[in-house]
Amino acid sequence: MRELSGHSSGKGLRVAIAIARFNEHITRQLLDGALTTLKERGVEDKDITVAWVPGSFELPGTAGALARSDDVDAVICLGCVIKGETAHFDYVAAGAAEGIARVGLDSGKPIIFGVLATYTTDQAIKRADPAGLNLGGEFAAAAVEMANLHRAIQDTP
């Protein structure tokens, strides 16, 4: 039996982050958490690319373009969709989720779903709080682990 797993060292990895500008007061905190974790894990500044898009619905297309690059080992998609009074929330959140999943399947690279879909602004703030939960760091840790797992799979005879 072979057992494969990723590890937490980001040394030598190249990571791209596609980030939504909509709800930037939330997404920028997620970005800060992601960047902090990537650097703590050994990913160098020169190996990090950040691409801003208008909103979460635009994340899949940009994630796909980034994933097609030979200079990227993993892509983290950061966004925040907060439920409002209309069905717009449902379409944007579902479209982002389905599109990001498709990019992962089509590209064969780790594509991390870091889109918060919350019912309230307070819930989003709690999940992005740099002094608290900040899921941006968890999304970055997942990207490092998955990029290393993909390398392990490729290196396995």
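The values are calculated or read from the model by the stated rules, or taken from the named source; none is laboratory data. All figures in this text were calculated on a predicted structure; none of them were measured in a lab. Glycine gets a Cβ as well: all are built from the backbone with ideal geometry, and neighbour counts include every protein chain shown.
Scanning region 118-128 for residues that are surrounded by 20 or more Cβ atoms within 10 Å (Cβ to Cβ) and hydrophobic (A, V, I, L, M, F, W, C) gives Ala124, Ala128. Count of region 129-157 residues, restricted to those that are surrounded by 18 or more Cβ atoms within 10 Å (Cβ to Cβ) and either hydrophobic (A, V, I, L, M, F, W, C) or closer than 11 Å to Pro110 by Cβ (or both), is 11. Here is the figure for region 33-60: residues that are more than 16 Å from the chain's Cα centre (by Cα) and either of a type in the set (Asp, Glu) or modelled with pLDDT under 95 (or both) total 3.
For the condition closer than 16 Å to Phe22 by Cα and either in contact with a Gly (Cβ under 7 Å, 6 or more places away or on another chain) or not in a strand (DSSP E or B) (or both), what is the one hit in Val144, Val92, Val103? Give the steps one after another, and end with the answer.
Details: Val144 fails: closer than 16 Å to Phe22 by Cα; Val103 fails: closer than 16 Å to Phe22 by Cα.
Going through Val144, Val92, Val103 in turn, the sole match is Val92.
Please verify whether region 98-116 includes one or more residues that are among the aromatic types (Phe, Trp, Tyr) and over 16 Å from the mean Cα position of the chain (by Cα). Among the residues of region 98-116, not one is among the aromatic types (Phe, Trp, Tyr) and over 16 Å from the mean Cα position of the chain (by Cα), which makes the answer no.
The residues of region 15-24 that are surrounded by fewer than 20 Cβ atoms within 10 Å (Cβ to Cβ) and either touching a residue at least 40 places away in the same chain (Cβ under 8 Å) or assigned to a strand (DSSP E or B) (or both) amount to a single one, Phe22.
What about Gly132, is it closer than 30 Å to Gly42 by Cβ, in a loop (DSSP other than H, G, I, E, B), without any contact (Cβ under 8 Å) to a residue 40 or more places away in the chain and of a type outside the set (A, V, I, L, M)? So Gly132 fits the description; yes.
The set of residues from region 114-129 being touching a Leu at 6+ places or on another chain (Cβ under 9 Å) and not in a helix (DSSP H, G or I) comprises Gly114, Val115, Leu116.
Based on this model, can you work out whether Leu30 counts as buried (at least 19 other Cβ atoms within 10 Å of the Cβ) and modelled with pLDDT of 95 or more?
Values: buried (at least 19 other Cβ atoms within 10 Å of the Cβ): yes; modelled with pLDDT of 95 or more: yes.
Yes.
Against the numbered list (1) loosely packed, with under 15 Cβ neighbours inside 10 Å; (2) under 20 Å from Lys109 (Cβ atoms); (3) not polar (S, T, N, Q), His88 comes up short only at (2). The C-beta contact set for region 101-127 (first residue at pLDDT 95 or above, second residue among the hydroxyl-bearing types (Ser, Thr, Tyr) and crowded, with 22+ Cβ neighbours inside 10 Å, distance under 6 angstrom, 6+ apart or interchain) comprises Val115/Ser56. Would you pick out the residues in region 38-85 that are part of a strand (DSSP E or B), surrounded by fewer than 24 Cβ atoms within 10 Å (Cβ to Cβ) and hydrophobic (A, V, I, L, M, F, W, C)? Matches in region 38-85: Ile48, Val50, Ala51, Trp52, Val53, Ile82.
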